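Visitor: Sending over a structure as structure tokens; questions will come in a sec.
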Amino acid sequence: MDEHEKPLRADARRNRMRVLEAAEAVFADQGVGASTQEVARAAGVGIGTVFRHFPTKEALLEAVLVERMRGLVEDARAAAARPDVGVAVFGFLEHVIGQSAAKNAFADALAGAGVDVSGVFAQVREELLAAIEVLVRRARDEGTLRGDVGVSEVVAVLVGASHAVRWAPPQAQANTVTVILDGLRPRG
């Protein structure tokens, strides 16, 4: 919401969240080609309600993806706050890799519709990188991550692992992730 928009009433906020949650579920189940009518049905609202909040399907996909990224920000912050940050950091990384196929499908659909994906996510990307920085620093200080690993390396590993999993047969995906993430652990 930009500074010129009025804040939503409580019922409108609830409807917006219901639509976003339904869209997340519908797109996860049926792919990004699912209709907005199907999203409205799953949310228990009329199609007009969907379009009142999200004037195009691309706007809906964009909002779902931004919410996913905000969820990752919260997940990274929660992982950094855990006393067992060593376990938490690798759990977070596995979670990000596990979500990557859906995230990439959303981003590809948006890019295919002519949306500047990098511009849309600039603010939430900065928040995510800042949260990952805290998580990485805590894990390095604890000795769980190599001392020469920073956010840039972690992001590169996440991108690489996400692509590697796409090419690994289903029975080898978990082991592929483990092998890749083991490169972040201290040597010896």
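Visitor: Here's a check for you: in region 65-92, which residue that is in a helix (DSSP H, G or I) and over 18 Å from Val124 (Cα atoms) is most open to solvent (accessible area, probe 1.4 Å)?
Guide: Taking region 65-92 first, the residues in a helix (DSSP H, G or I) are 65-81, 85-92.
Adding the requirement that they be over 18 Å from Val124 (Cα atoms) leaves 81, 85-91.
Details: Ala81: 80, Val85: 0, Gly86: 11, Val87: 95, Ala88: 5, Val89: 2, Phe90: 11, Gly91: 37 Å².
For region 65-92, the residue satisfying everything is Val87.
Visitor: Are any residues in region 143-188 open to solvent by less than 20 Å² (accessible area, probe 1.4 Å) and among the β-branched types (Val, Ile, Thr), and if so, which ones? Don't jump to the end; show me each part of the working.
Guide: Quick first cut of region 143-188, residues open to solvent by less than 20 Å² (accessible area, probe 1.4 Å) only: 145, 149-150, 154, 158, 161-162, 168, 177, 181, 184.
The answer is Val149, Val154, Val177.
Visitor: For region 29-40, enumerate the residues that are assigned to a helix (DSSP H, G or I) and either aromatic (Phe, Trp, Tyr) or exposed (fewer than 15 other Cβ atoms within 10 Å of the Cβ) (or both).
Guide: Residues satisfying the conditions are Asp29, Gln30, Gln37.
Visitor: Could you count how many residues in region 136-188 are in a helix (DSSP H, G or I) and not aromatic (Phe, Trp, Tyr)?
Guide: As a first pass, look at region 136-188 and keep what is in a helix (DSSP H, G or I): 136-142, 151-167, 170-182.
Those still in the list that are not aromatic (Phe, Trp, Tyr) too: 136-142, 151-166, 170-182.
Residues that pass the stated criteria total 36.
Visitor: Just wondering, is there one or more residues in region 96-113 that are hydrophobic (A, V, I, L, M, F, W, C), open to solvent by 20 Å² or more (accessible area, probe 1.4 Å) and in a loop (DSSP other than H, G, I, E, B)?
Guide: Yes, because at least one residue in region 96-113 is hydrophobic (A, V, I, L, M, F, W, C), open to solvent by 20 Å² or more (accessible area, probe 1.4 Å) and in a loop (DSSP other than H, G, I, E, B).
Visitor: While we're on this one: In contact with a His (Cβ under 8 Å, 6 or more places away or on another chain), under 26 Å from Arg140 (Cα atoms), at pLDDT 90 or above and not hydroxyl-bearing (Ser, Thr, Tyr) - does that describe any residue in region 73-87? Even if it seems obvious, please write down each step before you answer.
Guide: Here is the first cut: in region 73-87, the residues in contact with a His (Cβ under 8 Å, 6 or more places away or on another chain) are 75.
Filter again for under 26 Å from Arg140 (Cα atoms), leaving 75.
Filter once more, so that each one left must be at pLDDT 90 or above: 75.
Still in the list and also not hydroxyl-bearing (Ser, Thr, Tyr): 75.
The answer is yes, given that some residue of region 73-87 is in contact with a His (Cβ under 8 Å, 6 or more places away or on another chain), under 26 Å from Arg140 (Cα atoms), at pLDDT 90 or above and not hydroxyl-bearing (Ser, Thr, Tyr).
Visitor: Here is a further query. From (1) over 26 Å from Gly31 (Cβ atoms); (2) of a type outside the set (Asp, Glu); (3) under 10 Å from the mean Cα position of the chain (by Cα), pick out the condition that doesn't hold for Ala79.
Guide: Among (1) over 26 Å from Gly31 (Cβ atoms); (2) of a type outside the set (Asp, Glu); (3) under 10 Å from the mean Cα position of the chain (by Cα), Ala79 violates only (3).
Visitor: Here is a further query. Taking region 145-157 only, how many residues are under 23 Å from Gly188 (Cα atoms) and within 17 Å of the chain's Cα centre (by Cα)?
Guide: So the count comes out to 4.
The values are calculated or read from the model by the stated rules, or taken from the named source; none is laboratory data. What you see is a predicted model, and the numbers here were worked out from it, not measured in a lab. Here Cβ is always computed from backbone atoms with ideal geometry, including for glycine, and neighbour counts include all displayed protein chains. Just the protein is used for accessible areas: all its heavy atoms, side chains included, with ligands, DNA and RNA removed. Shrake-Rupley method; radii C 1.70, N 1.55, O 1.52, S 1.80 Å.
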